[in-house]
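First comes the structure, then the notes that go with it.
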Amino acid sequence: MGVVILDCGIDMEEMAGPLACCFSVAVTFR
Amino acid sequence: MQLSRYLKTYPCEDKPGYLLVYSTKKASVSLLPERVYSSIENHALSPDEEASLSGLGIVVPDRKEERRQMSHIIDRLNARNQGLTISVIINMACNFNCVYCYEGSLKGSHYMSERTAGLLIDFVKKRFTEGKNLLQLDFYGGEPLMSSGLISEISGSLRSFTSERGASYAFSLVTNGSLLKRNVAEKLVQTGLASARITIDGDAETHNRYRPFKTGAGSFDAIIRNIRETCDLVRIGVGGNFDRISYERFPLLLDYLEKEGLTPGKIAEVRFGPVSKRPDEDRSPADYNEWSLSVNEPWVVKAGTFLREEIMRRGYNTPKIRPMPCQIEISDSFVVNYDGGIYKCPALVGRDGFEVGNLSDGVADYQNVYNLDLWKNDECLDCEYLPLCFGGCRYMAYVRDGSMNRSDCKRPHFDATLETMIRQDVKYRKSSSIRKD
């Protein structure tokens, strides 16, 4: 059909493992 | 089939007749012929096309049902989570005197005791229930390596525990990098050290001004020396906190790393973020007010996309744009303070009202304390950015409003940055997944 897939992406439900804070508020302050 | 609600579509100037399509819930990126896009709108897709586009999160059987499922996505994610993640504030002591240190008045000579460490180990063992197969600890401070002996003790015990269970264990450090010498890293690797996030704020001159030792001496050279000594033992991530003045100096750091041989193959990840404002009640000795109050601020948008480009064009790895629930929402993720208090967010440790339990008594219900359903409203559920945002950062909401009653909406931020960041990913990541369908 002519779709060019550049990144297949992920399954959201599988991504609960070790997380980085989305905004790194806490992570990068130290 | 209908177009997903959680989709962004951009023009594709370098490939006429195509659209750049990004699914915010799948983080998939595709070039879609305009003809196919019209077929979706006209319900004229073939079964093969429907299957392919469905797998990419571009089409769904029913948008209302998709919205309903999205409102339960975190529950499903928690149910399937086989990991347990504990962030440990092992001390509040530090050998640095950073100008913006948000720990402010919380900082001091406070260390986790042996007794509390024992309670922590018991707590982790209790929470690592059947079905769990990955235990991840993140040691923060203060400066965690001022407690490297205790980290070894805790990790040694938990590594044995997970090994007996046939599960995996690893720990990471969020460190200023000044104490991560090779002999220290060698010892910690034996008990599970896998990665270290080291903060460097720009080139030597800028970094030394923002992150000096307590003595006032510059810390840049010691950190670079330690990275060079340890990058073959430990995955080193370089972080950095920029403000509206300093961000232009950060590319000089990347140039320096390259020049010193700390090339993309030796640095696992580079990620820079804005210095965030502290709550007003914080009393800090630092006379500093160049912080950001929101990622929506124009200078944060400009600096963030500029630095991401500088990182990626040199070949360094930086996080992809992908769905990212706040760790507050993850039921098997906790932050343990040096005194045994349990929290859900590292930024809120030590703040009245945000402790959800302690190592002796366990965890109480924290649904209301952290307003877990913050994003379960029509505005958020209808927003195409929801999977990337989930109501935003509760800490920033708290700093701005003094409460977590309102979301930290990131729509302006994503409106201004997402297209640029997707194009950066397409341009610089040597994707192995490019294929035609």
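A few notes on this one:
- Sole residue being more than 10 Å from chain A (Cβ to nearest Cβ) and surrounded by 21 or more Cβ atoms within 10 Å (Cβ to Cβ), chosen from B:Val99, B:Val36, B:Val29, B:Val88: B:Val88
- Total residues in the range B:39-58, condition at the interface with chain A (Cβ under 9 Å from one of its Cβ atoms), under 36 Å from the mean Cα position of the chain (by Cα) and of a type outside the set (Ser, Thr, Tyr): 6
- Residue in the range B:129-155 that is nearest to B:Met396 (Cα to Cα), counting only those that are within 14 Å of chain A (Cβ to nearest Cβ) and of a type in the set (A, V, I, L, M, F, W, C): B:Phe139
- In summary, helices (runs of 4 or more DSSP H) completely within the range B:135-233 and bearing 2 or more residues that are crowded, with 21+ Cβ neighbours inside 10 Å and touching a residue at least 60 places away in the same chain (Cβ under 8 Å) occur at B:148-164.
- Candidates in the range B:304-347 are the residues that are touching a Gly at 6+ places or on another chain (Cβ under 7 Å) and in a loop (DSSP other than H, G, I, E, B); of these, the one that is farthest from B:Gly118 (Cα to Cα) is B:Asp332.
- For the range B:388-401, the criterion of being modelled with pLDDT of 95 or more and more than 14 Å from chain A (Cβ to nearest Cβ) is met by no residue.
- Filter result for the condition that a residue is of a type in the set (Phe, Trp, Tyr) and within 30 Å of B:Leu374 (Cβ to Cβ), over B:Phe123, B:Phe161, B:Phe96: B:Phe123
- Of the residues making up the range B:102-128, those that are in contact with a helix residue (DSSP H, G or I) (Cβ under 7 Å, 6 or more places away or on another chain) and either within 11 Å of chain A (Cβ to nearest Cβ) or not in a loop (DSSP other than H, G, I, E, B) (or both) number 7.
The values are calculated or read from the model by the stated rules, or taken from the named source; none is laboratory data. Treat the numbers as computed from the prediction; the structure is a model and nothing was measured. FYI the Cβ positions are ideal-geometry reconstructions off the backbone, even for glycines, and counts take in every protein chain you see.
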